[in-house]
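A quick write-up on the structure given underneath.
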Amino acid sequence: QPFSHLSELSIINCPKLVGRLPNALPCLNSLKIDGCPQLLIDVSSLVQPSLASLSMNNVILPRESHVTVLNSLCDPSTTDEELLANEMSNHLTSITALSISDIEKLAFLPTWFTQDLMGLEKLDISNCQELITLWRNKVRIQACLPSLCHLKISHCPKVVCLFEEEQEKGGEGWKKQQHEGLPCMTRLEYLTIEECGMLEKLPQDLHTYTSLGVLRIHDCACLISFPMKGLPSMLRELRVSNCDALESLPELMTLNNLQELKVSYCASLTYLLSRGGLPSTLKQLGIELCENLESLFVAEGIKIDCPSLETICIEFCGSLKSLPE
């Protein structure tokens, strides 16, 4: 075993590299393959108890009959039983960081994904052109991703929502929404969504994400509003930019930990807040290039009572008519 002590393997942007990665890497801790479209990778043989970080971007998969991690991602017909029967699944719990990018035909993440990656702390999904949602209704009752702290979704143009939610309709035949989003992600601290042009909504129970401290949303042109029930009380940073359809921010007065608020390039904003004022804990306020913004608040007479406020920056808001007293 010439590579028996190898702990880190990265192969990046080698488009002509052909062949197959070695199978016997018992000490492998970090694996990153990016931009090697001709390199054959059997993920099931590489997943070892020692593996903590896995990044697979722009790769090709072998066509053997056995199931690999990424094959199951792309093929919805792969049953959970097939994957769970593979001894590889016993080692997925060791992975703490996972990055997947440029995976064709990936519409949503399968059930096994939320069942086996119990130790996953950081998940980064990017450039998945067919991704519509992360999880479907059936996995919401499962225990899933209890250790996840960082979640980033970027450059996924067909994502409509993070989690499918049942439509609430009148009549006894319809159940009210249950388990909206994934309330079991109690440790989620950082949520970033970038360049998801068809994103229409955020999870309706976002306020129950009790550990969420940083929320950043960029280039989501179809996002009209935030959830009616607001944002989690522990949020300390909110950044929103290039969301042209966004009409207003949610009420912020209940956010007793918010320190930084920055909004830019939101063309539909005529008022920053449709109700309430700014939380007293705010330290930094930035508003830039909101061309139709007329005032910070809809209601007149609201004063800014933020004793901790250190910085106010308002730039290129050509329609701004007044500031609070």
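The values are calculated or read from the model by the stated rules, or taken from the named source; none is laboratory data. As the structure is a prediction and not an experimental result, all values here were calculated from the model. Glycine gets a Cβ as well: all are built from the backbone with ideal geometry, and neighbour counts include every protein chain shown. Just the protein is used for accessible areas: all its heavy atoms, side chains included, with ligands, DNA and RNA removed. Shrake-Rupley method; radii C 1.70, N 1.55, O 1.52, S 1.80 Å.
The figures follow:
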{"quantity": "Close pairs from the range 180-201: first within 24 Å of Asn257 (Cα to Cα) and at pLDDT below 95, partner open to solvent by 10 Å² or more (accessible area, probe 1.4 Å) and of a type in the set (A, V, I, L, M, F, W, C), Cβ under 7 Å, at least 6 apart", "calculated": "Cys184/Ala143; Arg187/Cys149; Leu188/Cys149; Lys201/Cys161"}
{"quantity": "From the options Gly301, Gly286, residue that is on the phi > 0 side of the Ramachandran plot and not basic (Lys, Arg)", "calculated": "Gly301"}
{"quantity": "Residue count, the range 310-319 (criterion: out of contact with any strand residue (DSSP E or B) (no Cβ under 7 Å at 6 or more places or on another chain) and not polar (S, T, N, Q))", "calculated": "1"}
{"quantity": "Condition check for Ala299: in contact with a Gly (Cβ under 9 Å, 6 or more places away or on another chain) and farther than 24 Å from Ile125 by Cα", "calculated": "yes"}
{"quantity": "Residues (part of a loop (DSSP other than H, G, I, E, B) and modelled with pLDDT under 70) located in the range 97-145", "calculated": "Arg140, Ile141, Gln142, Ala143, Cys144"}
{"quantity": "Enumeration of residues in the range 250-275 that are open to solvent by less than 60 Å² (accessible area, probe 1.4 Å) and of a type in the set (A, V, I, L, M)", "calculated": "Leu252, Leu255, Leu258, Leu261, Val263, Ala267, Leu269, Leu272, Leu273"}
{"quantity": "Output for the range 10-27, where each listed residue is modelled with pLDDT of 85 or more and in contact with a helix residue (DSSP H, G or I) (Cβ under 9 Å, 6 or more places away or on another chain)", "calculated": "none"}
{"quantity": "Filter result for Leu246 (open to solvent by less than 10 Å² (accessible area, probe 1.4 Å), closer than 18 Å to Phe316 by Cβ and in contact with a Ser or Thr (Cβ under 7 Å, 6 or more places away or on another chain))", "calculated": "yes"}
{"quantity": "Yes/no for Leu54 being at pLDDT 70 or above and assigned to a loop (DSSP other than H, G, I, E, B)", "calculated": "no"}
{"quantity": "In the range 209-235, residue surrounded by the fewest Cβ atoms within 10 Å (Cβ to Cβ) [restricted to those that are among the small types (Gly, Ala, Ser) and within 16 Å of the chain's Cα centre (by Cα)]", "calculated": "Ser211"}
{"quantity": "Elements of type strands (runs of 3 or more DSSP E) in the range 200-275, at least 2 residues being within 18 Å of Lys152 (Cα to Cα)", "calculated": "214-218, 237-241"}
